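Novice: Before I ask anything, here is the structure I am working with.
The values are calculated or read from the model by the stated rules, or taken from the named source; none is laboratory data. Just so you know, these numbers come straight off a predicted model, no measurement behind them. Here the Cβ positions follow ideal geometry from the backbone for every residue, glycine too, while neighbour counts run over all protein chains shown. All accessible areas refer to the heavy atoms of the entire protein, side chains included, with ligands and DNA or RNA removed. Shrake-Rupley method; radii C 1.70, N 1.55, O 1.52, S 1.80 Å.
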Amino acid sequence: MIAVVDYRVGNIRSVLTALNRLNVEAALTDDPDELETADGIILPGVGAFAAAMDELRNPGLDKVMRQAVQRGTPLLGICLGMQVLFSKSEEHGEHSGLDLIAGRVKRFDKNLTVPHMGWNQVEIARPDCPLFDGIEDESYFYFAHSYCAAPAEEEAVAGRTEYGTKFCSVAWRGTVFATQFHPEKSGECGEHMLGNFADFCGEE
């Protein structure tokens, strides 16, 4: 079973709906016990970084997810869920994240229109990343964000997208994956990517 983390932010149920279309066993949950026994965890979300981290800390979901990753449980962060996987964010001050991927979350250049919203291409930087299995280079995915992640290590950058400058749109470190775009809103490519994650978790 893949656990979709319910931490009271936006755009959570659409991920569950996409997994159901793929016939992947999944459940929306904020139960630490279910996260501990899950075959994989997806952390989706839309909203503010600091508020999201508060929602994860209060019931102790942050600790449960860190422990799950240490045990080797695959974890996929989507949009805001990607950003909170990083060490720090400068959104409305400096805030600490889950620190599962070293790096910072920064606002786009002030000369760019934000949010960066709509369809854009993803350049594959790490073809060996399991998320990209069967997906062509420079495929289009759907974005909606004002901040972007900057991994501390170049090898953590699995995919890049250009918006004024190239930024990390897919991150990968061990069993931790992250996409700045919304695969659940990205048509066939997005659903294929979610299916790849489910396969990596051992789900069919």
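Novice: Could you tell me which residue of the stretch 1-26 is least open to solvent (accessible area, probe 1.4 Å), considering only residues that are in a loop (DSSP other than H, G, I, E, B) and either closer than 16 Å to ASN196 by Cα or touching a Ser or Thr at 6+ places or on another chain (Cβ under 8 Å) (or both)?
Specialist: This residue is VAL24.
Novice: When you go through (1) open to solvent by 20 Å² or more (accessible area, probe 1.4 Å); (2) within 23 Å of LEU61 (Cα to Cα); (3) in a helix (DSSP H, G or I) one by one for GLU188, which number turns out not to apply?
Specialist: (2)
Novice: Give the residues of the stretch 80-137 that are small (Gly, Ala, Ser), open to solvent by 30 Å² or more (accessible area, probe 1.4 Å) and over 19 Å from GLY45 (Cα atoms), sorted by residue number.
Specialist: GLY93, ALA102, ALA125, GLY134
Novice: Another question, then. Tally time: how many residues in the stretch 101-129 are out of contact with any Lys or Arg (no Cβ under 9 Å at 6 or more places or on another chain) and at negative phi?
Specialist: 18
Novice: Oh, and also: Just wondering, is there one or more residues in the stretch 170-185 that are over 12 Å from CYS129 (Cβ atoms) and without any contact (Cβ under 8 Å) to a residue 60 or more places away in the chain?
Specialist: no
Novice: Checking the conditions here, which among LEU76, LEU56, LEU43 is within 25 Å of HIS145 (Cβ to Cβ) and at pLDDT below 95?
Specialist: LEU56
Novice: Would you say LYS88 is within 16 Å of ALA52 (Cβ to Cβ), more than 14 Å from the chain's Cα centre (by Cα) and assigned to a strand (DSSP E or B)?
Specialist: yes
Novice: Against the condition of a type in the set (A, V, I, L, M) and open to solvent by less than 50 Å² (accessible area, probe 1.4 Å), how does ALA152 come out, does it pass?
Specialist: Considered against the rule, which asks whether it is of a type in the set (A, V, I, L, M) and open to solvent by less than 50 Å² (accessible area, probe 1.4 Å), ALA152 comes out as no.
Novice: Next question, about the same structure. Tell me the residue from GLY118, GLY202 that is in contact (Cβ under 8 Å) with a residue 24 or more places away in the chain and outside any strand (DSSP E or B), please.
Specialist: GLY202
Novice: Of the numbered conditions (1) in contact with a Cys (Cβ under 7 Å, 6 or more places away or on another chain); (2) open to solvent by 20 Å² or more (accessible area, probe 1.4 Å), GLU34 fails exactly one; give the number of that condition.
Specialist: With respect to (1) in contact with a Cys (Cβ under 7 Å, 6 or more places away or on another chain); (2) open to solvent by 20 Å² or more (accessible area, probe 1.4 Å), GLU34 is out only on (1).
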